[in-house]
Amino acid sequence: MAGWAIAVHGGAGVDPNLPTERQEEAKQLLTRCLNLGIDALRSSISAIDVVELVVRELETDPLFNSGRGSALTENGTVEMEASIMDGSGRRCGAVSGLTTVKNPISLARLVMDKSPHSYLAFSGAEKFAKQMGVETVENDYFITQDNVEMLKLAKEADSIVFDYRIPKVGYESCGTGVQSPIHMNGLPISIYAPETVGCVVVDSEGRCAAATSTGGLLNKRMGRIGDSPLIGAGTYAGELCGVSCTGEGEAIIRGTLAREVGAVMEYKGLGLQDAVDFVIKERLDDGKAGLIAVSNTGEVAYGFNCVGMFRGCATENGFMEVGIWE
């Protein structure tokens with residue numbers, strides 16, 4: 001084996017006018033999470049445990065759109081979703097419609113480990129959370145003032161808005177440099193900058209794992225489910241690779257984006273970065289998205305076809321990178 005590798009993301013489609021202060025905050029959070037995962041891998045913790053650990057940290061910090069800080073629905077509430085997959089045996093767990101579970105990724109892990117199912121949603125997922133004794137909080141815990149302000153903007157524009165939270169100060173300029181108009185399933189989207197979070201890991205034993213978590217679209221319809229909890233779309237891990245996606249959920253679903261990376265590696269014989277590049281170019285149609293990936297030989301790769309992607313990656317041989325733009 002070539003050694004371990006890890007990558008994290010905080011969303012693709014970054015606003016080019018994002019204030020420098022927020023860019024630095026994002027880089028600091030990604031660096032902290034990356035170092036958390038590196039320390040765990042150096043301690044021989046398994047890939048599936050590392051992706052859960054890192055995504056829990058991302059869910060706890062309100063900076064990105066997952067857990068605390070999740071985007072608000074049309075009703076001003078939070079409905080979260082997450083999925084996790086262990087490449088060893090392709091075991092997986094997913095949840096949607098969570099309103100009280102503090103760390104959705106850990107409930108997804110419990111669905112994988114402690115239930116006969118792969119996917120639980122809404123009241124059924126909440127009931128399972130109570131049975132498992134996971135930590136729950138009131139829905140208000142997840143709501144931030146930034147998201148309240150952003151929902152107000154979305155309602156004034158009468159638009160579903162991608163899950164980007166504009167800062168209260170200076171939000172007037174955000175979105176001005178983004179390609180426009182952008183459409184989702186033929187409908188216009190006024191701002192494009194998703195901030196779903198994810199982590200992919202290959203450990204020193206060559207085991208791959210992936211995890212993704214999100215609050216979804218701002219001003220989304222109640223009950224909307226995106227790509228993040230869908231195995232093969234937003235999340236996939238197998239013997240060859242682990243993949244986590246972010247961006248226009250409907251396009252990622254149509255392209256089964258995460259699984260496609262593994263498929264072209266398996267069936268076309270492509271290396272990891274070539275597979276990522278191929279999928280981003282050929283499988284998104286007019287959609288905008290990004291993804292991070294690792295291979296069982298210790299490679300790490302990422303790709304996106306939008307303005308930028310919050311990401312960080314590292315390998316056992318000493319390589320480490322945290323960035324936003326190309």
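The values are calculated or read from the model by the stated rules, or taken from the named source; none is laboratory data. On a predicted model such as this, the values are computed, not experimentally measured, just so you know. Cβ placement follows ideal geometry from the backbone for every residue including glycine, while neighbour counts extend to all protein chains displayed. What goes into the accessible areas is simple: the full protein's heavy atoms, side chains included, and nothing from ligands, DNA or RNA. Shrake-Rupley method; radii C 1.70, N 1.55, O 1.52, S 1.80 Å.
Over all directions, the average projected area of the alpha-carbon convex hull for the chain comes to how many nm²?
Details: hull surface 58.1 nm².
Projected over every direction and averaged, the Cα hull of the chain covers 14.5 nm².
Segment THR136..GLU24, full-extension length gain: 37.3 nm, with 0.36 nm per residue of separation and the alpha-carbon distance subtracted.
Between GLU299 and ASP49, the distance separating the two model label sites (each 7 Å from Cα on the Cα→Cβ line) works out to 2.9 nm.
Hey, which of these cross-link pairs are over 28 Å Cα-Cα: LYS27/LYS102; LYS130/LYS152; LYS114/LYS220; LYS127/LYS152; LYS220/LYS288? Walk me through the intermediate numbers first.
Numbers: LYS27/LYS102 23 Å; LYS130/LYS152 33 Å; LYS114/LYS220 31 Å; LYS127/LYS152 32 Å; LYS220/LYS288 18 Å.
Listed pairs above 28 Å: LYS130/LYS152; LYS114/LYS220; LYS127/LYS152.
Could you give the dipole magnitude of the chain about its Cα centre, charging the beta-carbon of Lys and Arg +1 and that of Asp and Glu -1, in debye to the nearest 20?
Working: 28 positive and 43 negative charges, 117 e Å.
Using only the charged Cβ atoms, the result is roughly 560 debye.
How large is the dipole of the stretch 1-97 about the Cα centre if only Lys and Arg carry +1 and Asp and Glu carry -1, each at its Cβ, rounded to the nearest 20 debye? Don't skip to the end; give the middle numbers.
Details: 8 positive and 14 negative charges, 70 e Å.
Computed about the Cα centre, the dipole is about 340 debye.
Taking a probe of 1.4 Å, how large is the accessible area per residue of the stretch 273-326, in Å²?
Details: 2310 Å² over 54 residues.
That works out to 43 Å² for each residue.
Kindly provide the helix-only [θ] at 222 nm of the chain, computed as the sum of -39,500 (n - 2.57) over DSSP H runs of four or more divided by all residues, to the nearest 500 deg cm²/dmol? Computed mean residue ellipticity for the chain: -9500 deg cm²/dmol.
Here the spin labels are modelled as points 7 Å beyond Cα on the Cα-Cβ line, and at ASP146 and ASN17 they lie 1.7 nm apart.
Overall shape: oblate for the stretch 252-310, with the ratio a/c of the largest to smallest alpha carbon gyration tensor axis at 1.5 or above and b/c at least equal to a/b.
Subtracting the Cα-Cα distance of ASP285 and PHE319 from 0.36 nm times their residue separation leaves 9.0 nm of extension gain. Packing, as the average of other Cβ atoms within 10 Å across residues, places the peptides 72-78, 110-116 in the order 72-78, 110-116, highest first.
Express in nm, to one decimal, how much length is gained between ASP39 and ARG90 on full extension, taking 0.36 nm for each residue of separation and deducting their alpha carbon distance.
In short, 15.9 nm is gained.
Ordering MET112, LEU270, VAL8 by Cα displacement along the dipole of the chain toward the positive end leaves MET112 in first place; charges were set at the Cβ atoms of Lys, Arg (+1) and Asp, Glu (-1). Ordering ILE324, ASN35, SER70 by the projection of their Cα atoms onto the charge dipole of the chain, which places +1 on the Cβ of Lys and Arg and -1 on the Cβ of Asp and Glu, puts SER70 at the extreme positive end.
Using DSSP to call loops (not H, G, I, E or B), can you name the trypsin sites (Lys or Arg not before Pro) in the stretch 218-326 whose Cβ has at most 14 other Cβ atoms within 10 angstrom? Those satisfying the criteria are ARG221.
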